[in-house]
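Okay, structure first, notes after.
The values are calculated or read from the model by the stated rules, or taken from the named source; none is laboratory data. Bear in mind the structure is a predicted one, so any value in this text is a computation, not a measurement. Positions of Cβ are generated from backbone atoms using ideal geometry, with glycine treated the same way; all protein chains shown enter the neighbour counts.
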Amino acid sequence: MPVEIDVDHVAKLARLSLTDDEKAALRVQLGIILEHAAKVGEVATDDVPPAAGAFERANVFRDDVVEPSLPVDEALRSAPDRDGDRFKVPPIAETGE
Amino acid sequence: MSELCDLHGWELSVKLAVGEVSAVEVLASCLTRVEEVDDRVKAFLTPTAQLARERAEELDAYLSTGAPQSAASGIPVAVKDVFTTNGVRTTAGSKILADYVPPYDATAWTRLSGAGAVLVGKTNCDEFAMGSSNENSAYGPVHNPWDLERVSGGSSGGSAAAVAAGEAVWAIGSDTGGSVRQPASLCGVVGLKPTYGRISRYGLIAFASSLDTVGTFTRSVRDAAAMLGVLAGHDPRDATSLDAPVPDYTAALGDGDLRGLRVGVITDAFGEGVEPGVAASVRAAVDRLVALGAKTDEVSLPHAAYALSAYYLIAPSEASSNLARYDGVRYGLRAEGDHTDSIAMMFATRGLGFGPEVKRRIVLGTYALSAGYYDAYYGQAQKVRTLVIRDYEAAFERFDVLVSPTSPTTAFPIGEKTGDPMAMYLNDIFTIPANLAGVPAISVPCGLDEAGLPVGIQLTAPLLDEATVLRVGHALESDLQLDLRPPLVAGR
């Protein structure tokens, strides 16, 4: 059975605007893909530990030494919009007006 | 008579060493080939001819002082457009990065460049490396040099096609579920995916971080060994890069004698869905391994059938997280318009900038990680990953190397599978398990099918044993002596 998913809700979580046509197509396609993907449940029993990667890695640390970082102008070179040394964006909070 | 661009890197190295050719001449040969064929192949998104000429001139001047030459010195290299290149546009095949000019180089390119390689250009690829046919590129598909109506494979299709057509001598790509090996197979070149972490991912635009692996495209296994020698090694900028010694891979190629080698033939990889021409060609190659002294037996990876399912939960989950960074704030596209707030701007930017496959995977991954579904999907997929790893461990107790076809089919017509995502995903059914387990694997051309399209055999070895897949691949190609040349350039 194809899986039914709430595309509107998931797209909202992903901050992704989708057209009605895109949503309709995704509902069908993801239903089929998830039906296939759900097969993992057939063999993934409780006694099998999960693997996050190909081999186990502990945290990797380096010495806490200050190193040169990207100059501000370089970091801002590809910014869609800037204001001096800052990234400029549309409002992020209520202005209280 | 071959042009310089049709020679192997190791052949060019010899000619460069004795002064028979210059780096400028080698580059000119590749640039001529690009001019002749790339309006049809469409391997390159951003050619860098002028930069390359300057670089080759510098290099000739440097080498003329008697400076030491590396295996990469003067070799024209194509770089998949998912590696950042300082000052050179890097799109990842996406509209969302259409005008992005990175301020830093990926380590893989830093190493090649530092060893004297010359950048021919940035190559076309599926958007954010998501795809198996290069048809998900926002800039149009790559056309297979063996048949321009067919796909190059993907996602590193431009890099594979560029090397197949002689537009570059070497190329780098990224392999998350087969994106180096599958296009290499479909374009008739050698594609190596080393152990996860063997080559630094720093500057590789992230798709699925626990699977992403830097790989190589060459026209011989000897060149793959040379390239890996340049690229491999620890990088403090990638916490997952391995701090293991880098052996002399070229010295490990051996003399073609495979006596004592234990080869496991993955029986399930010759059944339903595998084209008869592919199965026949790979079986014939296995017979050659036996003739060279190897012992073969059948082997099964019992959970390989579930690997595809696990992959299509794990990779999109990681992608949905990685691609959250494309928000129209710091770099890349920002949707125009009078946005009420930043959140609305992000919705609009991402809706406008991402293509259909990327959206599909973001939604799929977000769903698989969302509250209430995490355990049933992502959590279960991680358990299957453990089972796949154990399958390999068990197989490598009995065998030194495993063989299968790289891809169930040869290159298919452009447009044939674009309407059916699940059919497209099945292209990677034999390549995905090695990414889940992190083990090294190589695709080596082993013949042509009845339609004259290249077939690749995949060789897989235990973690960090790249030397074995290179040794076996080298023995096979030396024995087969295929010298594959696509019709597009064969008459030259």
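Table for the structure above
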item: Tally, over the stretch B:92-122, of residues that are basic (Lys, Arg) and out of contact with any Pro (no Cβ under 9 Å at 6 or more places or on another chain); result: 2
item: Residue match in the stretch A:31-46 (condition: of a type in the set (Gly, Ala, Ser) and either touching an Asp or Glu at 6+ places or on another chain (Cβ under 9 Å) or at pLDDT 95 or above (or both)); result: yes
item: Filter result for the condition that a residue is in contact (Cβ under 8 Å) with a residue 24 or more places away in the chain and closer than 22 Å to residue B:228 by Cβ, over B:459, B:448, B:453, B:488; result: B:459
item: Test for residue B:74: is it in contact with a strand residue (DSSP E or B) (Cβ under 9 Å, 6 or more places away or on another chain) and either surrounded by fewer than 17 Cβ atoms within 10 Å (Cβ to Cβ) or on the phi > 0 side of the Ramachandran plot (or both); result: yes
item: Residue in the stretch B:329-339 that is farthest from residue A:19 (Cα to Cα), counting only those that are without any contact (Cβ under 8 Å) to a residue 24 or more places away in the chain and within 7 Å of another protein chain (Cβ to nearest Cβ); result: B:330
item: Residue A:10 out of contact with any strand residue (DSSP E or B) (no Cβ under 8 Å at 6 or more places or on another chain) and closer than 18 Å to residue B:351 by Cα; result: yes
item: Every pair of residues 6+ apart whose Cβ atoms lie under 6 Å, when the first sits in the stretch B:415-429 and is within 10 Å of chain A (Cβ to nearest Cβ) while the second is among the hydrophobic types (A, V, I, L, M, F, W, C) and surrounded by fewer than 20 Cβ atoms within 10 Å (Cβ to Cβ); result: B:422/A:32
item: Among the candidates B:308, B:301, B:364, B:323, residue that is more than 8 Å from chain A (Cβ to nearest Cβ) and either closer than 22 Å to residue A:25 by Cα or under 23 Å from the mean Cα position of the chain (by Cα) (or both); result: B:323
item: Of all residues making up the stretch B:196-233, the number that are within 13 Å of another protein chain (Cβ to nearest Cβ) and under 19 Å from residue B:250 (Cα atoms); result: 1
item: Failed item in (1) farther than 30 Å from residue B:87 by Cβ; (2) surrounded by 12 or more Cβ atoms within 10 Å (Cβ to Cβ); (3) of a type outside the set (A, V, I, L, M), with residue A:74 passing the rest; result: (1)
item: Some residue of the stretch B:373-382 being away from chain A (no Cβ under 11 Å) and small (Gly, Ala, Ser); result: no
item: Search result, residues across the stretch A:18-71 that are more than 7 Å from chain B (Cβ to nearest Cβ), in a loop (DSSP other than H, G, I, E, B) and surrounded by 12 or more Cβ atoms within 10 Å (Cβ to Cβ); result: A:38
item: Residue among B:271, B:277 that is surrounded by 15 or more Cβ atoms within 10 Å (Cβ to Cβ) and under 16 Å from residue B:458 (Cα atoms); result: B:277
item: Tally, over the stretch B:280-296, of residues that are surrounded by fewer than 14 Cβ atoms within 10 Å (Cβ to Cβ) and either of a type in the set (Asp, Glu) or part of a loop (DSSP other than H, G, I, E, B) (or both); result: 2
item: Some residue of the stretch B:27-45 being assigned to a loop (DSSP other than H, G, I, E, B) and touching a Lys or Arg at 6+ places or on another chain (Cβ under 9 Å); result: no
